[in-house]
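Accompanying notes for the structure given below.
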Amino acid sequence: MKESLSFELIKKDSRTGARRGRITTPHGTVETPVFMPVGTQATVKAMKPEDVEKTGAEIILGNTYHLYLRPGEDIVREAGGLHKFMNWHRPILTDSGGFQVFSLGKFRKITEEGAKFKSYIDGSSHMMTPESSVEVQAALGSDIMMAFDECVAYPAEKKYVARSLERTTRWLRRCDDHHRRLEAKSAMETGSDTMKQALFGIMQGGMFKDLRELSAKQITEIDLPGYAIGGLSVGEPKDIMLDVLDDCVDLLPEDKPRYLMGVGTPDYLFESVERGVDMFDCVLPTRLARHGMAMTSRGKINIKNAIFARDFSTLDPDCDCYCCRNYSRAYLRHLFKNDEILCSMLLSEHNIHFLVNMMKNIRKAIEEDRFLEYKREFYNKYGEF
């Protein structure tokens, strides 16, 4: 069967690993490098889907773990899939639920079969396996589904990381086998020769170069339409994360999209793009917004500060989002101090617009072979991260 996803490498920066590409999915194209807003519970927090679309976002992320627990994949399937359920008509990527399960600590138990855990909602017991993760994501109907993997915390002993990555590889094979069985069954029912969803594998290996090499070798032996770098941005210092990226990005195929999971600060995005990464996601822009923080071209602003009480200027003079076109810093501070939800709505839209527009400018800079110049201009204006 033909894959549902294709990737076109359009331009490579002449002095760095930065790349300009295009992903084509059943629900549209995605220009890369791309930042993907996170819609954990089938919603980007405090935003209507139409407003997310207005920011220029071309793809969002949904959370398998949370949607499995509530409302349940059967309800989403009955609604016609996640796109119809949440009224989002552009591409969707769903994570496998692995990160959330493994972050439960003492409330989960990992075996070769999968991960047993207790629901944070009612304490009920559940088992997530590679096969069940694929089945849930198939019911959700995302364009890109992620393989079920074991995400190792930082720091971790090398022996444990080595065992974990071997299990992740075995789980990837099970995900791939089950995904292909489901697609073949669907093809028999519909007569289509094209898959409906694309499965991405995930590289693990912690902070150990040799284990990253081993993981990359193992997962790329399974021919998939894309690959992710997992197990980073889990609490390690920035310099260590970048050292790992230096070692492992080029271990992934050049002709497939490369996805770094859980990264969303401007500096991490620039540094990762420079090393050849194409896709990113993070809850940071909406989480910051709910705490009264705005990303601007001149650095982060804490709208709670008293200095903004009589500041009637726009949030970011270089931004053309709805918030910046219509509201002042003083008004936003007033909303926040009075616990008005409108503040979260406006700042969420602004922060996502800021990152999406930054990625748009990065793509343009790569096309013009001036990525390093744009990075320097951005850093000089932004200040400390």
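The values are calculated or read from the model by the stated rules, or taken from the named source; none is laboratory data. Remember, it's a predicted structure, so these values are computed and weren't measured experimentally. With ideal geometry, Cβ positions are generated from the backbone for all residues, glycine too; neighbour counts draw on all protein chains shown.
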Worksheet item: Does any residue of region 69-91 turn out to be buried (at least 23 other Cβ atoms within 10 Å of the Cβ), more than 27 Å from E150 (Cβ to Cβ) and touching a Pro at 6+ places or on another chain (Cβ under 6 Å)?
Response: yes
Discussion item. Tally up the residues in region 278-287 that are surrounded by fewer than 20 Cβ atoms within 10 Å (Cβ to Cβ) and touching a strand residue (DSSP E or B) at 6+ places or on another chain (Cβ under 7 Å), please.
Written reply: 1
Worksheet item: Any idea how many residues of region 288-323 are out of contact with any Ser or Thr (no Cβ under 9 Å at 6 or more places or on another chain) and in a strand (DSSP E or B)?
Response: 7
Worksheet item: Would region 280-294 turn up any residue that is within 21 Å of Y374 (Cβ to Cβ), more than 14 Å from the chain's Cα centre (by Cα) and not charged (D, E, K, R)?
Response: no
Worksheet entry | Residue satisfying all of: in region 2-26; basic (K, R) and assigned to a strand (DSSP E or B); surrounded by the fewest Cβ atoms within 10 Å (Cβ to Cβ) among these | K2
Worksheet, complete the sentence: Considering residues that are modelled with pLDDT of 95 or more, touching a Ser or Thr at 6+ places or on another chain (Cβ under 7 Å) and of a type outside the set (S, T, Y), the number found within region 67-113 is 8
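Here is a yes/no grid of residues against (1) under 24 Å from K360 (Cβ atoms); (2) assigned by TED's automatic domain parsing to the domain that holds T29; (3) touching a residue at least 40 places away in the same chain (Cβ under 8 Å):
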site: A184; (1), (2), (3): no, yes, yes
site: G201; (1), (2), (3): no, yes, yes
site: E213; (1), (2), (3): no, yes, no
site: G226; (1), (2), (3): yes, yes, yes
site: I229; (1), (2), (3): yes, yes, yes
site: L232; (1), (2), (3): no, yes, no
site: V249; (1), (2), (3): yes, yes, yes
site: V273; (1), (2), (3): yes, yes, yes
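The rows are residues; the columns are (1) touching a residue at least 60 places away in the same chain (Cβ under 8 Å); (2) surrounded by fewer than 22 Cβ atoms within 10 Å (Cβ to Cβ); (3) in the same structural domain as P37 (by TED's automatic domain parsing).
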| site | (1), (2), (3) |
| --- | --- |
| G299 | yes, yes, no |
| C319 | no, yes, no |
| S344 | yes, yes, no |
| L347 | no, no, no |
| R370 | no, yes, no |
| E373 | no, yes, no |
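Considering only region 184-213, state which residues are under 24 Å from the mean Cα position of the chain (by Cα) and in a helix (DSSP H, G or I). Step through it out loud before you land on a result.
Applying the first criterion (under 24 Å from the mean Cα position of the chain (by Cα)) to region 184-213 yields 195-209, 211-213.
Across region 184-213, the qualifying residues are K209, L211, R212, E213.
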Discussion item. Which residue is nearest to N357 (Cα to Cα), if the candidates are limited to region 34-63 and must be of a type in the set (S, T, N, Q) and in a loop (DSSP other than H, G, I, E, B)?
Written reply: T55
Fill in: Which listed residue is out of contact with any strand residue (DSSP E or B) (no Cβ under 9 Å at 6 or more places or on another chain) and farther than 20 Å from E271 by Cα, from T190, T220
T190
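A quick yes/no check of all residues on (1) crowded, with 24+ Cβ neighbours inside 10 Å; (2) aliphatic (A, V, I, L, M); (3) in the same structural domain as A79 (by TED's automatic domain parsing); (4) not in a helix (DSSP H, G or I):
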residue	(1), (2), (3), (4)
M127	no, yes, yes, yes
L165	yes, yes, yes, no
R174	no, no, yes, no
D177	no, no, yes, no
